[in-house]
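Participant: Here it is, the structure, as structure tokens.
Readers should treat all values here as calculations from the given coordinates under stated rules, not as data from a laboratory. Keep in mind it's a predicted model, so treat the numbers as computed, not measured. In this analysis, Cβ positions are derived from the backbone assuming ideal geometry, glycine residues included, and neighbour counts consider all displayed protein chains.
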Amino acid sequence: DTRATVEIRSLTEEFGAHEILERAGTLLSSQAVGPKLEWVRRHEPDVFGRATGWYGSNSYIAAKLTGEYAIDHHTASQCDPLYVTSAFEWNVEWATRICGHLPLPRLVWPHEVVGRVHGDAAAATGVPRGTPVVAGTVDAYAEAFSVGVRNTGDQMLMYGSTMFLVQVIDKYHSDPALWTTAGIDRGSLALAAGTSTAGTMIGWLQSVTGGAPLDELMAEAAAVPAGCEGLMTLPYLAGERTPVFDPMARGLFAGLTLRHGRGHLFRAAYEGIGFGVRQILEMFDDAHTGRRTVAGGGGLRSPIWAQAVSDITGRPQLVAEQGIGASYGDALMAAIGVELVAPETDWANITHEITPNPANRELYDELYETWRQLYPATKDLMHELGQLGS
């Protein structure tokens, strides 16, 4: 939702980019909640005037079930610039300026009980009256929790329609190219990053190359040697989020020749995504070197993708038995919240490890340096072409 572009700019000018980064941990973007609230206040004043509160999806459900007006710390830390991430509290001055008459929700940690199901909610849902309701949180972080990413240096790589990355850190660290947030466990902090495409690019390639079954396409890609015989891609088909934050970025295949075939295109796409992951992980290392990487998501079904990421980054990846993701993490939060299990309980059962192939390391180190030059070298041209297609 990019409607609040003007509000992003005006709030950044009002509060100051440096001050926003230092307090909120993240520069304002189309993902920030504050500018969206500001947009509604400016463009739909009647709606804003009638409003009595504002919610995340999980806090709205909790409110309907319990009548309690609360939001978890992690979701609040993504409501830039309303929350002071380093202090785990509302930025009352800025929040009051943006929210106006709307009260700020009570802050709770994701595994805390918000309240209990009231009579009306019980009648409407069939959930027994008095059932405790735990806050929960944003889906990607619940997925990280589900695979045991809870200690300093733990990382999650989520292979889906986009790539999403989370790393637990031990002290506050802000970087304009990343998102700094509250974590899941009480008093914890995390860094996050996300790409705009990943699996969606693979789906697009499948469509435009004739719609062959993925098994057939993966076999062709697996037959292509590492480095794709000089073919490289920028996977920015929908712009890019971290680390360039450029909605006008565009996809690029570089080095294409007549000897390249369909398998080369698919392998180059996976490698391009892998180079982007390496760029993000190196930024994570500036805060705290990753000590343990856990992979999740539907993209692990590809026999090439995760292996290419390990080869390019040089990092082994652990794979958990349970792949149902956020719902599994939410169930663990609920169990902790109602004291069915101890707070330190980890339900992740690691079944195997994806290890880097040392034979590819030198090649990928060289190609990574080339890949890093592609975006800055073509950025202005991409923006010109983007204007033609807008």
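Participant: Top mean-square fluctuation among Leu258, Leu191, Leu318, Gaussian network model of the chain, C-alpha springs under 10 Å?
Facilitator: It is Leu258.
Participant: Still on this structure: Across 10 Å bins from the origin, how do the percents of Cα pairs in segment 1-145 run, short distances first?
Facilitator: Pairs per bin, as whole percents: 12, 37, 34, 14, 3.
Participant: Right, something else. So if a site counts as exposed when it's one of the trypsin sites (Lys or Arg not before Pro), its DSSP state isn't H, G, I, E or B, and it has at most 15 other Cβ atoms within 10 Å, what's the longest stretch of the chain without one?
Facilitator: Here the longest segment lacking exposed loop sites spans 4-128.
Participant: Read phi for every residue in segment 348-362 and hand back ³J(HN,Hα) as whole Hz from Karplus 6.51 cos²θ - 1.76 cosθ + 1.60, θ = phi - 60°, with x for Gly and Pro.
Facilitator: My calculation for segment 348-362 gives 6, 10, 6, 9, 7, 10, 9, 10, x, 8, x, 5, 9, 5, 4 Hz in order.
Participant: Ok, one more. Which of rounded, prolate or oblate describes segment 131-172 when judged by the alpha-carbon gyration tensor and an a/c cut-off of 1.5?
Facilitator: oblate
Participant: Under a GNM of the chain (C-alpha, springs under 10 Å), which listed residue has the highest mean-square fluctuation: Val319, Val338, Val127?
Facilitator: Of the options given, Val127 has the highest mean-square fluctuation.
Participant: Here's a follow-up. With a ≥ b ≥ c taken as the square roots of the eigenvalues of the C-alpha gyration tensor of segment 1-63, please select rounded if a/c is under 1.5 and otherwise prolate if a/b is larger than b/c or oblate if it is not?
Facilitator: oblate
Participant: Straight-line reach from Lys379: which aspartates and glutamates have Cα under 13 Å away, leaving out those fewer than 8 places along the same chain?
Facilitator: Lys379 reaches Glu240, Asp246.
Participant: Compute and list, largest first, the equivalent-ellipsoid semi-axes of segment 273-390 from the alpha carbon gyration tensor, each √(5λ) rounded to a whole angstrom.
Facilitator: Working from the Cα gyration tensor, I get semi-axes of 35, 20, 14 Å.
Participant: Still on this structure, please answer the following. Mind checking the angle between helix 326-337 and the chain's longest principal axis? C-alpha axes, 0 to 90 degrees, to the nearest 10.
Facilitator: 40
Participant: Thr125 versus Glu93, label points 7 Å from Cα toward the beta carbon: distance in nm?
Facilitator: Placing both labels 7 Å beyond Cα along the Cβ direction yields 3.9 nm.
Participant: Find how much the distance from Thr351 to Glu282 grows on full extension, using 0.36 nm per residue of separation minus their present alpha carbon separation; answer in nm with one decimal.
Facilitator: On the way: separation 69, 0.36 × 69 = 24.84 nm, distance 2.64 nm.
My answer for the length gained is 22.2 nm.
Participant: Can you tell me the orientation of helix 262-287 relative to the chain, as the angle in degrees between its alpha-carbon axis and the longest Cα principal axis, to the nearest 10?
Facilitator: Rounded to the nearest ten degrees, it is 50.
Participant: Which one, Ala254, Ser302, Asn58, projects farthest toward the positive side of the charge dipole computed for the chain from Cβ point charges (K/R +1, D/E -1)?
Facilitator: Farthest towards the positive end: Asn58.
Participant: Here's a follow-up. Residue by residue through segment 190-195, which ³J(HN,Hα) values in whole Hz follow from phi under the Karplus form 6.51 cos²θ - 1.76 cosθ + 1.60 (θ = phi - 60°), with glycine and proline marked x?
Facilitator: 3J(HN,Hα) across segment 190-195, in whole Hz: 8, 9, 9, 8, x, 8.
Participant: Starting from the Cα of Leu258, move 7 Å in the Cα-to-Cβ direction to define the label point; list residues of segment 206-236 whose amide nitrogen is under 20 Å from there.
Facilitator: What the label zone holds, given the 20 Å backbone N cut-off, is 229-232.
Participant: Using a cut-off of under 18 Å, list every residue of segment 130-155 whose amide N is near the label point 7 Å from the Cα of Leu102 along the Cα-to-beta-carbon line.
Facilitator: 138
Participant: A follow-up question, please. In whole Hz and in residue order, list the ³J(HN,Hα) couplings for segment 143-149 that follow from phi through the Karplus curve 6.51 cos²θ - 1.76 cosθ + 1.60, θ = phi - 60°; x for Gly and Pro.
Facilitator: For segment 143-149, the Karplus-derived couplings read 5, 4, 4, 5, 9, x, 7 Hz, x marking Gly and Pro.
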